[in-house]
Amino acid sequence: QSMDFRIQHLCQPANVVCHYQPMLELATGRVVGCEVLGRLQDGDKLIYPDQFIPALTKQGLSCKFDTAVSRQALLALSDASLGSAQNGFTVALNFFPQNLKRDKLHAHLQSSLQHAKHRDLHIELEVTEYDFSPEIVPELSKLKADGYFISIDDFGTGYSNLAMVKRVAPDYLKIDKSFVFEMEDLTIRSSLIPEIIAIARAVGSKVIAEGIETAAQAEQLRALGVEYGQGYYFARPMPLADFLSFLHKSN
Ligand code: G
Ligand code: G
Ligand code: MN
Ligand code: NA
């Protein structure tokens with residue numbers, strides 16, 4: 001099919017564009033890290049994951065893509081001036097589950113990992129709850145022992161087994177944005193967010209809420225004890241230069 005062919009042609013490191021979305025500490029408003037989101041440059045326009053991920057995975061290009069995004073982001077952030085956020089700045093990278101193998105990760109990212117380590121960047125590896133399966137647990141445990149932070153993304157939408165979640169003891173659970181969107185229409189009693197927070201506490205994880213679009217949501221989440229947040233209310237995912245000026249203005 002022509003879309004598949006187009007993606008195969010475009011999926012080269014030179015066409016990969018990283019956008020960075022700030023992650024804030026809700027209690028202080030400080031930017032403490034960012035999530036890296038990959039796009040593909042197609043002539044003068046960008047194409048977004050929804051449009052290329054199916055073709056990418058179908059054609060076995062998922063590793064090529066994850067590697068190109070991670071390398072570009074780690075090298076760029078290792079070189080950037082992060083101001084007062086530089087100590088322990090957290091870089092969250094999304095990975096397809098098949099690429100979250102420790103040996104594979106080290107083989108593909110070695111020099112960028114060296115740079116990141118040198119700059120004291122904390123690397124957070126995101127796996128969606130949907131992809132959280134028994135086979136991945138031992139790999140996540142190894143990665144955690146190596147010093148990576150692990151987060152379960154889109155939490156609340158998948159089918160994870162809590163015993164498995166507890167075994168990994170992820171550093172972060174990321175509350176899926178659908179729960180944040182519906183928050184204002186619901187009373188807190190009917191929202192699942194307090195239960196998600198309780199699970200996080202039980203397994204020793206901190207909580208990141210994504211999809212925060214209003215001040216009211218940010219405040220409600222902060223009051224519930226959610227530590228970190230991301231969303232359009234603070235900033236959209238954006239190119240590196242814009243992200244760095246946002247960071248310097250905020251902190
Ligand atoms: O910002 P946005 O529309 O682009 O992201 C849509 C989805 O694409 C998200 O679920 C995100 O996890 C996924 N995604 C974005 N960048 C990457 C990447 O570099 N690797 C992987 N595996 N998924 C990504
Ligand atoms: O699935 P994952 O959480 O990795 O991807 C995050 C996705 O959410 C990206 O597509 C990103 O652009 C999007 N996103 C980030 N903040 C917001 C927000 O406040 N509102 C909405 N609608 N989408 C958001
Ligand atoms: Mn994510
Ligand atoms: Na998510």
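Could you please tell me which pairs satisfy a Cβ distance under 7 Å, a separation of 6+ or placement on different chains, a first residue in the stretch 214-228 that is closer than 11 Å to Leu26 by Cα, and a second residue that is small (Gly, Ala, Ser)? So the pair list comes out as Ala218/Gly229; Leu221/Ala209; Leu221/Gly229; Arg222/Ala27; Val226/Ala209.
Any residue that is within 14 Å of ligand 1 (Cβ to nearest atom) and either modelled with pLDDT of 95 or more or of a type in the set (Lys, Arg) (or both) - is there at least one of those in the stretch 137-148?
Just the residues of the stretch 137-148 that are within 14 Å of ligand 1 (Cβ to nearest atom), to begin with: none.
Checking the stretch 137-148: not a single residue is within 14 Å of ligand 1 (Cβ to nearest atom) and either modelled with pLDDT of 95 or more or of a type in the set (Lys, Arg) (or both).
For the subset of the stretch 152-176 comprising residues that are over 12 Å from Asp131 (Cα atoms) and among the acidic types (Asp, Glu), which member is farthest from ligand 3 (Cβ to nearest atom)? This residue is Asp171. For the condition in contact with a His (Cβ under 7 Å, 6 or more places away or on another chain), of a type in the set (S, T, N, Q) and either without any contact (Cβ under 8 Å) to a residue 24 or more places away in the chain or more than 16 Å from ligand 4 (Cβ to nearest atom) (or both), Ser111 does not qualify.
Restricting to the stretch 53-87, and then to whatever is among the hydroxyl-bearing types (Ser, Thr, Tyr) and surrounded by fewer than 18 Cβ atoms within 10 Å (Cβ to Cβ), can you tell me which residue is farthest from Gly38 (Cα to Cα)?
Of everything passing the filter in the stretch 53-87, Ser84 is farthest from Gly38 (Cα to Cα).
Every listed requirement among (1) free of Cβ contacts under 8 Å to residues at least 60 places away in the same chain; (2) in a helix (DSSP H, G or I); (3) within 18 Å of the chain's Cα centre (by Cα) is met by Gly88 save one, (2).
Could you please find all residues in the stretch 119-135 being more than 14 Å from ligand 3 (Cβ to nearest atom) and either within 26 Å of Phe89 (Cα to Cα) or of a type in the set (Ser, Thr, Tyr) (or both)? Spell out the reasoning first.
Of the residues in the stretch 119-135, the ones more than 14 Å from ligand 3 (Cβ to nearest atom) are 119-122, 133-135.
Hits for the stretch 119-135 are Arg119, Asp120, Leu121, His122, Ser133.
Looking only at the stretch 25-35, residues that are surrounded by fewer than 24 Cβ atoms within 10 Å (Cβ to Cβ), part of a strand (DSSP E or B) and not charged (D, E, K, R) come to 1 in all.
Quick one: in the stretch 166-182, which of the residues that are in a helix (DSSP H, G or I) and within 16 Å of ligand 4 (Cβ to nearest atom) is nearest to the chain's Cα centre (by Cα)? Please lay out each step first, then the result.
Kept after step one, since they are in a helix (DSSP H, G or I), are these residues of the stretch 166-182: 166-168, 177-181.
So of that shortlist, the ones also within 16 Å of ligand 4 (Cβ to nearest atom) come out as 177-181.
Values: Lys177: 13, Ser178: 16, Phe179: 17, Val180: 17, Phe181: 19 Å.
Here the residue is Lys177.
The values are calculated or read from the model by the stated rules, or taken from the named source; none is laboratory data. From a predicted model like this one, the values you see are computed outputs, not experimental measurements. Backbone-built Cβ (ideal geometry, glycine too); neighbour counts: all protein chains shown.
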